[in-house]
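One structure below.
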Amino acid sequence: MSSQQAITIIGIGNVLQKDDGLGVYTASYLYENYTFSQEISIINGGVEGIHLLNVLEESDHVIILDCLQINDTPASIYAIPANEISGYGLNNGGAHEIGIIQCMDMMELQGKETPEAIVLGVVPAEVSFCFGLSSELIEAFDDYISVILQYLKKQNILATPKEKCITLQSIMDRAKDPSGVMI
């Protein structure tokens with residue numbers, strides 16, 4: 001890995017399944033609304049799973065934004081080291097998909113160095129075939145952004161709001177438009 005820390009934020013989720021799209025919406029929100037004191041990559045990982053393996057191999061530090069299947073109050077926010085989270089992410093794979101956590105497991109099995117990784121996740125209120133987020137997650141969104149920015153600050157990365165802010169609603173509306181651009 002490079003001598004300069006390569007930090008990547010990956011938004012994971014499916015915008016077609018309501019709260020499951022939180023990671024993607026959040027990554028887009030950060031990209032649209034902040035500049036950072038150090039170069040970082042912000043990626044819409046969507047439901048890419050195994051296709052994110054190269055991103056993991058090229059990063060020293062990964063921040064995964066996702067919903068978590070944890071028995072807790074909807075909109076509860078968690079910061080969990082990725083090596084402790086196997087099985088909790090909604091996008092941890094399935095019969096036809098290898099999730100991002102399993103990609104890190106594959107790297108380890110191949111003897112490759114895995115990046116430092118943390119999941120900053122939220123307990124969903126509703127996962128159904130619908131665009132947007134539940135009212136619970138919309139209400140908690142600013143707190144979630146705050147947790148992410150605090151984590152970045154602990155990594156000596158400062159975030160500066162851009163002059164023109166793109167609202168969460170605008171970002172969610174883009175997902176409905178096939179020509180809409182999501183990072």
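Each of L137, A175, A82 was placed along the dipole of region 7-176 (beta-carbon charges, centred on the mean Cα), and the one lying farthest toward the positive end is A175.
Each of N54, C165, T8 was scored by the projection of its Cα onto the charge dipole of the chain, and the greatest displacement toward the positive side belongs to C165; charges sit on the C-beta of Lys, Arg, Asp and Glu.
Summing Lys and Arg as +1 and Asp and Glu as -1 over all other residues whose Cβ lies under 12 Å from the Cβ of I183 gives a net charge of 0.
Dipole check for the chain: with +1 at the C-beta of Lys and Arg, -1 at the C-beta of Asp and Glu, and the Cα centre as origin, the magnitude is about 360 Debye. Restricting attention to the chain, close to 35% of DSSP beta bridges with both partner residues there are antiparallel. Note on L109 and N71: the extension gain reaches 10.7 nm, defined as 0.36 nm multiplied by sequence separation minus the Cα-Cα distance. Lysine pairs in the chain whose alpha-carbon atoms fall under 25 angstrom of each other, counting only those eight or more residues apart or on distinct chains, come to 6.
Would you list the membrane-span-like helices of the chain, meaning whole DSSP H runs whose alpha-carbon atoms span at least 24 Å along their axis and whose mean Kyte-Doolittle value is at least -0.5?
135-154
Modelled spin-label separation between D143 and D60, with each label point placed 7 Å from Cα along the Cα-to-Cβ direction: 3.4 nm. Taking a virtual spin label 7 Å from the Cα of K176 along the C-beta vector, which residues in region 118-151 bring their backbone nitrogen under 11 Å of it? Counting only backbone N, you get 131-133. Reducing region 126-183 and region 6-61 to their Cα centroids gives an inter-centroid distance of 11 Å. Panel note: the C-alpha atoms of the chain, placed on their principal axes, show extents of 43, 40, 34 Å (largest first).
Coordinate-derived values only; no laboratory data. A quick note: this is a predicted structure, and the numbers were derived from the prediction, not measured. No Cβ is skipped: glycine too gets one built from the backbone with ideal geometry, and neighbour counts run over all protein chains shown.
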